[in-house]
Amino acid sequence: MRTMHYYPESWPLHSAFVISRGSRTEAKVVVVEIEDNGIRAVGECTPYPHYGESESSVMAQLASVVRAIEYGVSRQELQLLLPAGAARNAVDCALWQLECVQNQQSLWQRSQVSAPEHISMAQTVSIGTPEAMAYSAKALAQQGACLLKIKLDDHLIAERLVAIRSAVPEVTLIVDANEAWQPEGLAARCQLLADLGVAMLEQPLPAGADDSLQNFIHPLPICADESCHTRDDLAGLVGRYDMVNIKLDKSGGLTEARLLTEQAKAMGFGIMLGCMLCTSRAIQAALPLAPGARFVDLDGPTWLENDIEGGLNFAIGAINLSV
């Protein structure tokens, strides 16, 4: 017989993680454990207040499906029991892991994706003074990072980016405004980014202001993050965005994320793979999506003082899978 347990955890960060919406000093996650005939499977999610989630709301959603999980519902049935979001993600990923163990397969094998030896990924530079951000960018580049994700708010855009680009002239940069900008002045900012060789701009406007991007001429790709959670969002992004950022905590797990990836590609969107602040447990579940993504942003665990025991082998700018 199956059993399901869930509990919250808090993981201190080694330094403050600052984005346009505020600063964080810890990663608050919820862990789901499912046991079936001696096999234990684990999933993890990060409740995100910006999406109306909290530790208590996620725990309440999990409580609502305990009986169904213990009766043996499938991943496919789970999609109908919980909405897309953090709670469903944790259960979905635990069920994936359970299937893998029961069938003596790795997640790569189960998802029919060839495992690479390593995955190149972005390292994030959080918001600070232009000098501090440039220092962080240079330090990461000197340690091997080839792709940097620059967090910005609505202030000192040119000053920060010019300082960073001067410090790391050869590194690929992507910029994430986390909805902090407004339509006014967006064209000039996009041109500034293009002039500095920025490869992509992520979610410049609030999700509710997407109509301002309709037929907006822009010199670099624009990626939807907060505006894209599941396949249901894709139709509204056509003509507004060039890429979508797929996160398991938004899609509600790997099951929907795989379908979202497939449909987004079929509609001509480029793929970015992202994450929340989390441990390696959450990243492991997303790895099969990495080979199909143009940009991979899975550095959440690298912000932790300590990751889970036996976690992934992170290096600066990469996840090594061959070790």
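The values are calculated or read from the model by the stated rules, or taken from the named source; none is laboratory data. Model, not experiment: these values are computed from the prediction. Cβ coordinates were reconstructed from backbone atoms using ideal geometry, including for glycine residues, and neighbour counts include every protein chain displayed.
Restricting attention to segment 281-323, which residues are within 11 Å of Ile119 (Cβ to Cβ), in contact with a strand residue (DSSP E or B) (Cβ under 6 Å, 6 or more places away or on another chain), in contact (Cβ under 8 Å) with a residue 24 or more places away in the chain and not in a loop (DSSP other than H, G, I, E, B)?
Listed by number, the residues that qualify are Leu289, Ala290, Val296, Ala318, Ile319, Asn320.
Across segment 155-199, what is the total count of residues that are among the charged types (D, E, K, R) and either under 23 Å from the mean Cα position of the chain (by Cα) or surrounded by fewer than 16 Cβ atoms within 10 Å (Cβ to Cβ) (or both)? Write out each step before concluding.
Our first condition is that a residue be among the charged types (D, E, K, R); within segment 155-199, this holds for 159-160, 165, 170, 176, 179, 184, 189, 195.
If we keep only those that are either under 23 Å from the mean Cα position of the chain (by Cα) or surrounded by fewer than 16 Cβ atoms within 10 Å (Cβ to Cβ) (or both) too, we end up with 159, 170, 176, 179, 184, 195.
Of the residues in segment 155-199, 6 are among the charged types (D, E, K, R) and either under 23 Å from the mean Cα position of the chain (by Cα) or surrounded by fewer than 16 Cβ atoms within 10 Å (Cβ to Cβ) (or both).
Let's see how each residue does on (1) within 21 Å of Ala41 (Cβ to Cβ); (2) surrounded by fewer than 15 Cβ atoms within 10 Å (Cβ to Cβ):
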residue: Asp233; (1), (2): no, no
residue: Gly274; (1), (2): no, no
residue: Gln284; (1), (2): yes, no
residue: Phe295; (1), (2): no, no
residue: Pro301; (1), (2): yes, no
residue: Gly310; (1), (2): yes, yes
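Filter segment 175-198 down to the residues that are touching a strand residue (DSSP E or B) at 6+ places or on another chain (Cβ under 8 Å) and farther than 13 Å from His218 by Cβ and list them by number.
Correct list: Asp176, Ala177, Asn178, Leu196, Gly197.
Every residue in segment 47-72 that is closer than 30 Å to Ala180 by Cβ and either in contact with a helix residue (DSSP H, G or I) (Cβ under 9 Å, 6 or more places away or on another chain) or of a type in the set (S, T, N, Q) (or both), please. Reasoning before the result, please.
Of all residues in segment 47-72, those closer than 30 Å to Ala180 by Cβ come to 47-58, 61.
Pro47, Tyr48, Tyr51, Glu53, Ser54, Ser56, Ser57, Val58, Gln61, listed by residue number.
Which condition number in (1) modelled with pLDDT under 95; (2) farther than 26 Å from Ser136 by Cα; (3) of a type in the set (Val, Ile, Thr) is the one that Val29 fails?
(1)
Out of everything in segment 35-66 that is small (Gly, Ala, Ser) and surrounded by fewer than 17 Cβ atoms within 10 Å (Cβ to Cβ), what residue ends up being nearest to Leu82 (Cα to Cα)? Before the answer, list the steps.
In the first step, residues of segment 35-66 are kept if they are small (Gly, Ala, Ser); the result is 38, 41, 43, 52, 54, 56-57, 60, 63-64.
When the remaining residues are screened for being surrounded by fewer than 17 Cβ atoms within 10 Å (Cβ to Cβ), the result is 38, 52, 54, 56-57, 60, 63-64.
Values: Gly38: 26, Gly52: 15, Ser54: 15, Ser56: 15, Ser57: 12, Ala60: 11, Ala63: 11, Ser64: 9 Å.
So, considering only residues that are small (Gly, Ala, Ser) and surrounded by fewer than 17 Cβ atoms within 10 Å (Cβ to Cβ), the one nearest to Leu82 (Cα to Cα) is Ser64.
Looking at Leu289, Leu248, Leu259, Leu220, which is the one that is aliphatic (A, V, I, L, M), surrounded by fewer than 21 Cβ atoms within 10 Å (Cβ to Cβ) and within 22 Å of Val175 (Cα to Cα)? I'd like the intermediate steps shown before the answer.
Working: Leu289 fails: surrounded by fewer than 21 Cβ atoms within 10 Å (Cβ to Cβ); Leu248 fails: surrounded by fewer than 21 Cβ atoms within 10 Å (Cβ to Cβ); Leu259 fails: within 22 Å of Val175 (Cα to Cα).
Residue meeting the stated conditions: Leu220.
Please find, among Ala41, Ala94, Ala90, the residue that is closer than 30 Å to Leu205 by Cα, of a type in the set (A, V, I, L, M) and either outside the structural domain of Trp181 (by TED's automatic domain parsing) or part of a helix (DSSP H, G or I) (or both).
Values: Ala41 fails: closer than 30 Å to Leu205 by Cα; Ala94 fails: closer than 30 Å to Leu205 by Cα.
Sole residue among the options that is closer than 30 Å to Leu205 by Cα, of a type in the set (A, V, I, L, M) and either outside the structural domain of Trp181 (by TED's automatic domain parsing) or part of a helix (DSSP H, G or I) (or both): Ala90.
Filter segment 109-136 down to the residues that are closer than 18 Å to Ala180 by Cβ and not in a helix (DSSP H, G or I) and list them by number.
Scanning segment 109-136 gives Thr124, Val125, Ser126, Ile127, Gly128, Thr129.
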